[in-house]
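Derivation of every value follows stated rules applied to the coordinates shown; laboratory data play no part. No experiment lies behind these values; they were computed from the predicted model shown. Using ideal geometry, Cβ is built from the backbone for each residue, glycine included, and neighbour counts are taken over all protein chains shown.
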Amino acid sequence: MGNDNKPLNHLAIIMDGNGRWAKKRHLPRFMGHRQGMDNIRKIALEANRLGIKVLTLYAFSTENWARPSDEVNYLMRLPIDFFDKFMPELQENNVRVNIMGFSDNLPEKTYEVTQKAIKQTASNTGMVLNFAFNYGSRAEIVNAVQKIAKKVQDGEINASQIDEQMVSDNLLTENLKPYTDPDLLIRTSGEERLSNFMLWQLAYSEFEFTDKFWPDFTVDDLDKMIADYQKRERRFGKV
């Protein structure tokens, strides 16, 4: 897609503003999350149509557990509803589901449903729809460091062999190779920060921010941002 020197293989989105979208409409917060879930379908199908290889969506962070418990419980139900509703369409569009995060901590039902979605779509060869669910980048990096330290401790490698590639290979994005690092990050709702999302992988990514809340973010908005990305020159620190 796009011109030859500007492929957009991996798009990452911080889907922000569901709660504020609902508040603005005098609706309970969960209505914003439901609306946001429906929007994932539209944006994912468009990304797939555009030939994007990986779409990573920040769905639930390791910090989100601190929210009120009824909201957390609702958020834990969303993947169940999402896959229940959209699995036929994902299959039809050859989309493969991946979950990136610390899934051991998820409620049993949520865990089962996400694992089932991964299994059901495992042989699909189209876009990878990668949900960052119970994900935090610092925890991910600590986890990678521990795995590498264990290999040093066990005498499998020397400390001097540790390089960027080895760190990358031990992060949660390892199974997205060769598209581990996003080319473009989009964040909705007017916030301009990373919020502990893919800190290692976003080192040279392009960023786009919009004031729109996630439920209001449209396919047209996505297309415009991608067109803008195509015009940029990525130097990766070189001249």
Equivalent ellipsoid semi-axes for the range 153-232, as square roots of 5 times the alpha carbon gyration tensor eigenvalues: give them largest first, rounded to whole Å. 34, 13, 10
Proxy exposure order for MET37, MET198 (fewest C-beta within 10 Å first) is MET37, MET198
Using a Förster radius of 22 Å, what is the FRET efficiency between VAL167 and LEU194 based on their Cβ-Cβ separation? Nearest 0.05, please. 0.80
Let me check the size of the chain from its C-alpha atoms; what are the radius of gyration and Dmax in Å? 18.1, 60
In debye, nearest 20, what is the charge dipole magnitude of the range 66-144 about its Cα centre with +1 on Lys and Arg Cβ and -1 on Asp and Glu Cβ, if you could check? 160
Find out how many positive minus negative residues lie around GLN115, taking Lys and Arg as positive, Asp and Glu as negative, among other residues whose Cβ is under 15 Å from that of GLN115. 0
From the cross-link list LYS53/LYS224; LYS53/LYS119; LYS119/LYS231, the entries with a Cα-Cα span beyond 28 Å are LYS119/LYS231
Quickly estimate the mean residue ellipticity at 222 nm for the chain, helices only: each DSSP H run with n ≥ 4 gives -39500 (n - 2.57), and the total goes over all residues, rounded to 500. -13500 deg cm²/dmol
Compute, for the range 100-239, the length of the dipole vector about the Cα centre, with Cβ point charges of +1 (Lys, Arg) and -1 (Asp, Glu) only. Units Debye, rounded to 20. 220
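If you place +1 on the Cβ of every Lys and Arg and -1 on the Cβ of every Asp and Glu, how big does the dipole about the Cα centre of the range 1-92 come out, in debye to the nearest 20?
Taking the Cα centre of the range 1-92 as origin, the dipole is about 360 debye.
Suppose the chain between ASP104 and ASP84 were pulled fully straight at 0.36 nm per residue; how much longer would it get relative to their current alpha carbon spacing?
Stretched fully, the ASP104-ASP84 segment lengthens by 5.1 nm.
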Students often forget the sequence filter, so: which aspartates and glutamates lie under 12 Å Cα-Cα from LYS212 once same-chain residues fewer than 8 apart are removed? ASP16, GLU191, ASP221
What is the order of ILE43, ILE162, fewest Cβ neighbours within 10 Å to most? ILE162, ILE43
When a footprinting reagent is the concern and you count Cβ atoms within 10 Å, what order do ASP216, ASP38 take, fewest first? ASP38, ASP216
Just to compare against my own numbers: the Cα pair-distance distribution for the range 1-134, 10 Å bins, whole % per bin, please. 11, 42, 33, 11, 1
Would you work out which of ILE99, ALA122, GLY17 lies farthest towards the positive end of the dipole of the chain, given +1 charges on the beta-carbon of Lys and Arg and -1 on that of Asp and Glu, about the Cα centre? GLY17
Let's test the formula: R0 of 35 Å, r as the Cβ-Cβ distance of GLU156 and ASN9. What FRET efficiency results, to the nearest 0.05? 0.65
